[in-house]
Each structure stands twice: as C-alpha cells, then as structure tokens.
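Chemist: What follows is a single structure, and I will ask about it in a moment.
The values are calculated or read from the model by the stated rules, or taken from the named source; none is laboratory data. All values reported here derive from a predicted model rather than from experimental measurement. Every residue, glycine among them, receives a Cβ derived from its backbone with ideal geometry; neighbour counts consider all protein chains shown. Accessible surface areas use protein heavy atoms only, side chains included; no ligands, DNA or RNA. Shrake-Rupley method; radii C 1.70, N 1.55, O 1.52, S 1.80 Å.
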Amino acid sequence: MEETETFLLVILSSQLGRSINKPVLVIELKWNKAVYTAINQIKERDYPELLKGLSNDMLLVGLNYDEETKKHTCVIEKYVK
C-alpha cells in the first residue's frame, strides 16, 4: 500500500469556537515511514496553527505502521510555539 493522500481530521464536539481545558492532540499516521516523518509533517504544514486558541496544552503524535515487521511506532511531543 502506498501513501497517496494526507487527511487532517478535527473532532471538537460542542466546544468549537471556545477554549477547552484539556490537551489537544494533533495526530499524523504513516505507513512504512520513519515515525519522525509524521511529526515533521505536522510541524512543516503547521497543523497546530489551525487549532490555536482551543487549548494551551497541545500534543503532537506521530504513528507509523511497518508492514514488514507488523509493528507500530509512536512519538509524542509537547507542542511549543
């Protein structure tokens, strides 16, 4: 399977337009890539900017699935402007 598109999905329930008191997660999924590729894409495309104002606490999550080893890897970083 090849990566053909990237999707950014934001689910905010009834809090849209208001600040929330919980961490916001920005998650990027990859297939057969280095896990830091996902984190770098979040930063390069400035996805956290789309969620500014929701929370002062934001985590960047990069996940990769390796088809050959059948294992997942994950990196979580606290977002700092």
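Chemist: If you take the residues of the stretch 50-81 that are of a type in the set (Asp, Glu) and open to solvent by 70 Å² or more (accessible area, probe 1.4 Å), which of them is farthest from residue 22 (Cα to Cα)?
Modeler: Taking the candidates together, the pick is 68.
Chemist: Against the condition surrounded by 11 or more Cβ atoms within 10 Å (Cβ to Cβ), at pLDDT below 90 and not in a strand (DSSP E or B), how does residue 3 come out, does it pass?
Modeler: yes
Chemist: Being open to solvent by 20 Å² or more (accessible area, probe 1.4 Å) and part of a strand (DSSP E or B) is the filter here; which residues of the stretch 28-49 pass it?
Modeler: 29, 31
Chemist: Any residue in the stretch 52-70 that's touching a residue at least 60 places away in the same chain (Cβ under 8 Å): show its pairings with residues that are part of a loop (DSSP other than H, G, I, E, B) at Cβ separation under 6 Å, as long as the two are six or more apart or on different chains.
Modeler: Listed by first residue and then by second, the contacts come to 67/32.
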